1. Return the residues of the stretch 70-84 that are in contact with an Asp or Glu (Cβ under 8 Å, 6 or more places away or on another chain) and surrounded by fewer than 24 Cβ atoms within 10 Å (Cβ to Cβ); say none if nothing qualifies.
2. Specify which of the listed residues (Leu100, Leu67, Leu87, Leu95) is in contact with a Pro (Cβ under 7 Å, 6 or more places away or on another chain), among the aliphatic types (A, V, I, L, M) and more than 21 Å from Lys160 (Cβ to Cβ).
3. Can you tell me which residues in the stretch 98-145 are small (Gly, Ala, Ser) and in a loop (DSSP other than H, G, I, E, B)?
4. Any idea how many residues of the stretch 68-97 are part of a helix (DSSP H, G or I) and either farther than 16 Å from Gly368 by Cβ or among the charged types (D, E, K, R) (or both)?
5. Here are Phe41, Phe64, Phe55: which of them is within 21 Å of the chain's Cα centre (by Cα) and farther than 24 Å from Glu179 by Cα?
6. Gln422 is checked against (1) part of a helix (DSSP H, G or I); (2) surrounded by 18 or more Cβ atoms within 10 Å (Cβ to Cβ); (3) polar (S, T, N, Q) and fails just one. What number does that condition carry?
7. Can you tell me which of Thr363, Thr292 is among the hydroxyl-bearing types (Ser, Thr, Tyr) and more than 30 Å from Gly61 (Cβ to Cβ)?
8. Yes or no: His322 assigned by TED's automatic domain parsing to the domain that holds Asn370 and either closer than 18 Å to Val89 by Cα or part of a loop (DSSP other than H, G, I, E, B) (or both)?
Amino acid sequence: MNKESQYQQYQQFIEHKIHLTENFGFTPTWIPDILFDFQKFLIEWACQKGRAALFEDCGMGKTFQYLTIAENIVRRTNKRVLILTPLAVSFQTVLEGEKLGVEVTRRRTGINSSDKIVVTNYERLHYFNSQDFICTICDESSILKNYDGEYRKVITDFMKKHPYRFLCTATAAPNDWPEIGTSSEALGYLGFTDMLAKFFKKTKKGRSRRDELKAGMYRFRGHAEENFWRWVCSWARAIRKPSDMGFDDDGFVLPELIRQQHIVKASALPDGFLFEVPAVGQQEQRNELKRTIVQRCEKAAELINAHDRHAVAWCYLIEEGHRLEKLIQGSINVEGADPEEKKEEAFKAFIKGELRVMISKPTIAGFGLNWQHCAHMTFFPSHSYEQFYQGVRRMWRFGQKRSVTVDVISTEGQKRVLNNLQRKSVAADKMFTMLTTMMKHELNIHHTNMYTQEEVIPSWL
């Protein structure tokens, strides 16, 4: 083998190691005039990429963006696009399509031959055939990591042969390695396990991979952090406000968020104690919730019944939802056991103003729904920062005209829960700021390869 062939093989080896993704898409031909400049920019980038993730904060218009992407794919290929949404959000996607003049058909158990852009819930994916579509778009894709490995695999397998794939989510914690890894894998880029092996080092061994990730037992390898974010930038865009991408923030300034904390006392002390003590373990914290359920629900009802405006009462236990519904005037409790049709009718009534107070769990109504008509909520805190973040952002989002009040109702024994929630909030803000900063820097980098010059062979060889 001559030196030129050896050099070409070496170049191919180096390019294979870089892991910066190529483009699989096309230049869009239709972008509505009503969209903002930053939205048009992201649509053009995503269409040209062909397989991409849009990590955008709540209210940035992700639905308009992915509907525009879907319409461009249909016009270019004359084939179908499937949009997957959380439970009871698909009806909202249809309404957003009407605003753009994009026809979106909502299906539950399969397609009709005339369908082009179809929307359904994640839970109904098994009714659809992957071969009927050329593209899959996952709305609120961060919920994928909440499913068990088998269900997540079904979604990834459904998408893997589609030439066009898109993930859209308001990522609360960009240092959530499982979410970034599963997103990359679903788009057909570096697999989750390969991502960990390439960029991270395990600090100590846990009982399982899940426990290791939850406990933060992985850290960046030496000098790998910058390359990691460069790799993420090659297939994703993260934005909390238009200025993160160099655009004007006019119209995208959030109103004031008023967070008020209320501590209630139980009518009886814990068994065997003379005074209140922090609940340490998971079982103790759950017992604390049950022991104070009457006081917490009464406080939430007191705060919401003090006015006649719209409000949301978030709960975690089934009994909490039932008690709140009895105590709060003009309310309805939407729980997991309710039929899908009942949930959707309740959400529609609340959005239209026909229902004053919505009671539900963040796992049921905390993703995807737009409630800017409402500006007051009560919250029983848990260790899940994502659920708290998503619950708050149902109404504290771009487009909200009033200050939003969040009444956090807890107990003396839940101080550890509150401290953990605050710690996660600070960490999430820090990491997302780092991500957007690195992404902005990456967009201005001119990539060069220092090893492209032909070697000069000495005359004496």
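1. Arg80
2. Answer to the check: Leu100.
3. If the condition is that a residue be small (Gly, Ala, Ser) and in a loop (DSSP other than H, G, I, E, B), then Gly101, Gly110, Ser113, Ser114 are the ones that fit.
4. Qualifying residue count, the stretch 68-97: 11.
5. Sole residue among the options that is within 21 Å of the chain's Cα centre (by Cα) and farther than 24 Å from Glu179 by Cα: Phe41.
6. Gln422 satisfies all of (1) part of a helix (DSSP H, G or I); (2) surrounded by 18 or more Cβ atoms within 10 Å (Cβ to Cβ); (3) polar (S, T, N, Q) except (2).
7. The match here is Thr292.
8. no
The values are calculated or read from the model by the stated rules, or taken from the named source; none is laboratory data. Everything numeric in this text was worked out from a predicted model, so none of it was measured. FYI the Cβ positions are ideal-geometry reconstructions off the backbone, even for glycines, and counts take in every protein chain you see.
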